[in-house]
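Notes follow the structure.
The values are calculated or read from the model by the stated rules, or taken from the named source; none is laboratory data. In this text, all values refer to a predicted model and were calculated from it rather than measured experimentally. Backbone-built Cβ (ideal geometry, glycine too); neighbour counts: all protein chains shown. Each accessible area value is taken on the protein alone, full model and side chains, heavy atoms only, with ligands, DNA and RNA left out. Shrake-Rupley method; radii C 1.70, N 1.55, O 1.52, S 1.80 Å.
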Amino acid sequence: MSGTLTERAEVADGYRAGRTLPLRVELARQLKRRRTLVMYGILAALPFVLLIAFQVGGGPGSENNQVGLMDTATLSGPNFAAVNLFASAGFLLIIPVALFCGDTVASEASWSSLRYLLAAPVPRARLLWSKLVVGLTLSLAAMILLPLVALAVGTVAYGWGPLQLPTGGELPAGTAAQRLLITVAYIFVSQLVTAALAFWLSTRTDAPLGAVGGAVGLTIVGNVLDQVTALGDWRDFLPAHWQYAWLDAVRPKLQWSDMIQGTSLSITLALVLFALAFRGFARKDVVS
């Protein structure tokens, strides 16, 4: 039915498939949703939670005379921002990615509005493309929001200064800002697998919670498997194995090798999953 309507609309005067479901319209819709506002609120609140924790606990302390990144949190604003990324990269930042990319198509199906979008007529590839771009945009915005708020909170609380490195030495504030940008970019790229997995699941189910939960669950399974040292070199094929490769950006000399390997693996797996999502949805019988 939707295919017939689309074919008729393509010959109608003024119809342009590329003008259906504009990105700005979809972005405005998603920004107004409660789950978007709640997720951004949680991420914006994290720096304040850590600040209170350090104030109450007297600041982080090293054990066995070994200094880690967490132990430098109260030395400057850039340090506090880096610690917030370190504390959230392993799990918290997975949630918005899975939410924004996994809820996007499945929620339309659960509301029984998906078939009406296709009958508008919005081509299936166009609908998925708009949903995917907006989902990734919201995910990137979430990853930028956290360090920005943390940098502002940390600067007010601990002052603006160089990034003190756990291994000794420091990076000037300007260089530290560049390294934090590299860190955010790498975390975003490393989460593309979770985004693609959530998006693929979103095209396969009418239950948004199933798509989001499935992506988060499988990501956690990957993190667990990465801790199994008996797997040896097989762990190199797990995206989780490279999720903290961005720590090479907070060293005196920037090292790219691990980040390049992690980026190539993440992009490769993400492209495969995105292709499966588009291919499967093109043949799916949409009844909701």
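Based on alpha-carbon centroids, what's the gap between the stretch 188-225 and the stretch 229-274 in Å, whole number please? Value for the Cα centre distance between the two parts: 18 Å. Shown for the chain: the carbon plus sulfur share of the solvent-accessible area, taken with all protein chains present and a 1.4 angstrom probe, equals 64%. For the stretch 177-187, the Karplus equation 6.51 cos²θ - 1.76 cosθ + 1.60, evaluated at θ = phi - 60°, returns couplings of 4, 5, 5, 5, 5, 4, 4, 4, 4, 5, 4 Hz by residue, with Gly and Pro reported as x. Ignoring the sites themselves, the chain has its longest run without chymotrypsin sites (Phe, Trp or Tyr not before Pro) in a DSSP loop having at most 16 other Cβ atoms within 10 Å at 161-243. Where the alpha-carbon atoms of the stretch 163-261 are placed on the principal axes, they occupy 51, 33, 19 Å, in descending order. Any number yet on Rg/Rh for the stretch 65-107, C-alpha, Kirkwood? That ratio is 1.25, to two decimals.
Within the stretch 23-59, the trypsin sites (Lys or Arg not before Pro) that combine a DSSP coil assignment with at most 13 other C-beta atoms in a 10 angstrom radius are Lys32.
Give, as a single signed number, the net charge of other residues whose beta carbon lies under 13 Å from the beta carbon of Pro78, with Lys and Arg counted +1 and Asp and Glu -1.
Working: positive: Arg179; negative: Glu170.
With Lys, Arg at +1 and Asp, Glu at -1, the net is 0.
For Rg/Rh (Cα atoms, Kirkwood Rh), computed directly from the structure shown, the correct entry in (i) 1.07; (ii) 1.04; (iii) 0.96 is (ii). The modelled label-to-label distance for the pair Asp236/Ala275, using points 7 Å beyond Cα in the direction of Cβ, is 2.3 nm.
Accessible area per residue for the stretch 76-159 in Å², computed with a 1.4 Å probe and the full protein assembly in place, what is it? Spell out each step's value before the answer.
Values: 2420 Å² over 84 residues.
Dividing the accessible area of the stretch 76-159 by its residue count gives 29 Å².
Each 10 Å bin, from zero up to the one with the longest distance, holds this percent of the alpha carbon pairs of the stretch 150-194: 24, 44, 25, 7. Using the Karplus relation 6.51 cos²θ - 1.76 cosθ + 1.60 with θ = phi - 60°, the per-residue 3J(HN,Hα) values for the stretch 133-145 come to 4, 5, x, 5, 5, 5, 5, 5, 4, 5, 6, 7, 4 Hz, with x marking Gly and Pro.
Ignoring lysines fewer than eight residues from Lys32 along the same chain, the ones with Cα atoms less than 19 angstrom from its Cα are Lys131. Helix 94-110 and the longest principal axis of the C-alpha atoms of the chain enclose an angle of approximately 10°. A 1.4 Å probe run over the protein chains yields, for the stretch 201-250, 52 Å² of accessible area per residue, whole-number rounding.
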